[in-house]
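Structure record follows, encoded as structure tokens.
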Amino acid sequence: MTVNVKTYARLADAAGALSSERGARFLGGGTLLMRAINEADPEVETIVRSTDPSFLHLTVSSGRVELGAGVTMAALLAERELAFLHPAARAVGGPAIREAATVGGNLFAPAPYGDFATALLALDATVTLAGGAGQREQPLDEFLGRRDRGASLVSMVAFKRPPADAFRFLKVTRVHPKGISILSIAAQLPTASGRVAGARIAYGAMNRTPVRAKAAERALEGRALDAAGIAPALAVATDGTAPVDDAIASAWWRSEILPVHLRRLLLGESKV
Ligand SMILES: Cc1cc2nc3c(=O)[nH]c(=O)nc-3n(C[C@H](O)[C@H](O)[C@H](O)COP(=O)(O)OP(=O)(O)OC[C@H]3O[C@@H](n4cnc5c(N)ncnc54)[C@H](O)[C@@H]3O)c2cc1C
């Protein structure tokens, strides 16, 4: 089977090509897509790629972080201003995978992959979708819920920089340091006068895509991050989750251990 490769200088043109051809797939770092092609996946007929420099754009200011969808995990790890995100970037595969794996590709990676997307969800990120008619911004939460409905080209993700020490991430795996997730948890836990104010918690591998733990977020509001304060959140930790059985873990096991690891994360006892 021959696979066509089409390269565009502008993301908008690549987006047009992607949406006009059913068998077209956009190439990020290729860690999943090239594997599918090597396995002769009949659904992939055309690879669409772009040399648009904005795809690799990375800016960090005091208030906002913007990551072009083509930014790799390795590039993130080289950016000292993004140290709070390094545990999540480091959670994606081993060093060779991280050299190629992109932020955009992680948003499309099927569970139990998607560790970095889980972190972005807890950061309340937005995605920018490129299109022939211009760009469109969408909350990541909404984007993930509709991910499989059409061929959209993600050009950028952006989020407000969290307050110092407010962001936490952990990944539970059987094989250290680079095994695939049993689950991952990311949380943004701003506090005011020692009480949680506006928590965002996201789980990876606890559903088809990374999901927000909205019941746990609500239960944490106004509470202290101590054993008594987090108890109501732990009681509803699995609400809204629908994990699957796979080669890494059973759905039952994922649900059993989620509250244990959420507890460690909230109490600041977890190591990545
Ligand atoms: C050995 C191995 C270990 C891995 N370990 C992990 C892990 O621990 N954690 C984890 O999260 N993932 C892991 N992965 C999965 C994968 O490497 C990462 O999820 C990576 O971030 C995917 O990005 P990519 O750029 O390589 O995607 P690609 O392979 O380029 O693309 C994946 C899919 O996303 C689409 N796509 C890519 N970019 C865009 C875009 N900008 N807009 C629209 N569609 C796009 C592609 O068309 C394709 O369908 C692993 C993979 C392998 C092979």
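Once the convex hull of all Cα atoms in region 112-254 is built, its volume per residue stands at 130 Å³.
Within the chain, the selection of entire DSSP H helices by a Cα span of 20 Å or greater along the long axis and an average Kyte-Doolittle value of at least 0.0 returns 251-266. With a ≥ b ≥ c taken as the square roots of the eigenvalues of the C-alpha gyration tensor of region 1-104, please select rounded if a/c is under 1.5 and otherwise prolate if a/b is larger than b/c or oblate if it is not? Oblate shape, in that a/c is at least 1.5 and b/c is the bigger or equal ratio. Over region 80-137, the hull volume per residue, using the convex hull of the C-alpha atoms, is 115 Å³.
Report the trypsin sites (Lys or Arg not before Pro) located in region 186-266 that are in a DSSP loop and have at most 16 other Cβ atoms inside 10 Å of their Cβ, or state none.
Numbers: sites: ARG195, ARG200, ARG208, ARG212, LYS214, ARG218, ARG223, ARG254, ARG263, ARG264; in loops: ARG208, ARG223.
Hits after loop and neighbour filter: ARG208.
Percent of Cα pairs in the chain per distance bin of 10 Å, from zero to the largest separation: 7, 30, 35, 21, 7, 1, 0. Of the trypsin sites (Lys or Arg not before Pro) found in region 18-47, the ones in coil according to DSSP and having at most 10 other Cβ atoms within 10 Å of their Cβ are ARG22. Spin-label pair ARG10-ALA100: with each label point 7 Å from Cα along the Cα-Cβ axis, the two points sit 3.0 nm from one another.
Along the charge dipole of the chain, which of VAL244, HIS176, THR102 sits closest to the positive end, that is, farthest toward it, with unit charges on the beta carbon of Lys, Arg, Asp and Glu (+1, +1, -1, -1)? Of VAL244, HIS176, THR102, it is HIS176.
Taking GluC sites (Glu not before Pro) across region 162-268, the ones in a DSSP loop with at most 15 further Cβ atoms lying within 10 angstrom of their Cβ are GLU221. The equivalent ellipsoid of region 131-212 has semi-axes of 26, 21, 11 Å, largest first, where each one is the square root of 5 times an eigenvalue of the Cα gyration tensor. Charge tally around TRP253: other residues with Cβ under 13 Å, Lys/Arg +1 each, Asp/Glu -1 each, net -1. Each stretch of four or more DSSP H residues adds -39500 (n - 2.57); spread over every residue of the chain, this sum gives -8000 deg cm²/dmol at 222 nm.
Coordinate-derived values only; no laboratory data. Everything quoted here is computed from the prediction, not taken from an experiment. Positions of Cβ are generated from backbone atoms using ideal geometry, with glycine treated the same way; all protein chains shown enter the neighbour counts.
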